[in-house]
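Worksheet for the structure shown next.
The values are calculated or read from the model by the stated rules, or taken from the named source; none is laboratory data. As the structure is a computational prediction, the values presented were derived from the model and not from experiment. FYI the Cβ positions are ideal-geometry reconstructions off the backbone, even for glycines, and counts take in every protein chain you see. Only protein heavy atoms, including side chains, enter the accessible area calculation; ligands, DNA and RNA are left aside. Shrake-Rupley method; radii C 1.70, N 1.55, O 1.52, S 1.80 Å.
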Amino acid sequence: MISASFVRPVLPRIRCGCALVLLAFGLAACGGGGGGGGSGSAATNTSTSNTTTPTPTPAPTSTGSTDSCGFTSANMRATFLQLVNNVRAAGYTCGSTVYPPTTPLAWNDKLFAAATGMSNDMAANNFTSHTGSNGSTLTTRLTAAGYTFSTAGENVASGFSTMDSVIQGWLSSPGHCANIMSANYADIGVACGQGPAGAANAGSRYWTMDFGKQ
């Protein structure tokens, strides 16, 4: 996987939508690509089964608190649910694939907790990836958050300053767009982390969108 690097000016980056689709006859993985008005790079995704029993950990609530990007979690919840579910209700063409209208997603605080940890990790350590700085994967992060899933996926991005712009960036990339439109998911959690003051990536925003079905 190509690691993210930051130059002046900082351009938006996205990583391919990492989908975990668990099927009776095997595992399916999806690939994604760059897009969304920045210098996104392609990567290969790997699927894995969820064979462990999660040990629930306390999840941040989706009301009241403010993240390092300055957004309240209540605002994140309301805005992203509206942005994503409007697209799902209308249907969307991701690359050359037409996705019909599908069911709305529900906010899940455990997915929010996993997304928050990943966004803060990327912001603190200046990288954009589906693998955490400690080697964590989507599966291990969801397990640590106590989310027991049958299907899960993740979109990540950096450099986009607003919720609208990062959604448009993901929708412009077929792999990310497919995650947003997938009827396999029922739940969503989205979080933003910001590079700390004085760091090389100060002010740059890192986004994680986690999807799942329990």
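Principal axis extents of the C-alpha atoms in the stretch 55-214 (largest first, rounded to whole Å): 45, 34, 30. Of Thr139, Thr72, the order by accessible heavy-atom surface (1.4 Å probe, DNA, RNA and ligands excluded), from most exposed downward, is Thr72, Thr139. I need the calculated FRET efficiency for the pair Thr137 and Gln214, taking r as the beta carbon distance and R₀ as 22 Å, to the nearest 0.05. Efficiency computed from Cβ-Cβ geometry: 0.75.
When only alpha carbons are used to place a centre, the stretch 89-144 and the stretch 161-214 end up 6 Å from one another. Kirkwood analysis of the stretch 147-214, using all unique Cα-Cα pairs, places the hydrodynamic radius at 12.8 Å. With q set to 0.14 Å⁻¹, the log10 of I(q)/I(0) for the stretch 116-180, from the Debye formula over equal scatterers at the Cα positions, is -0.46.
If R0 is 22 Å, the Cβ-Cβ spacing of Gln82 and Ala202 corresponds to a FRET efficiency of close to 0.15.
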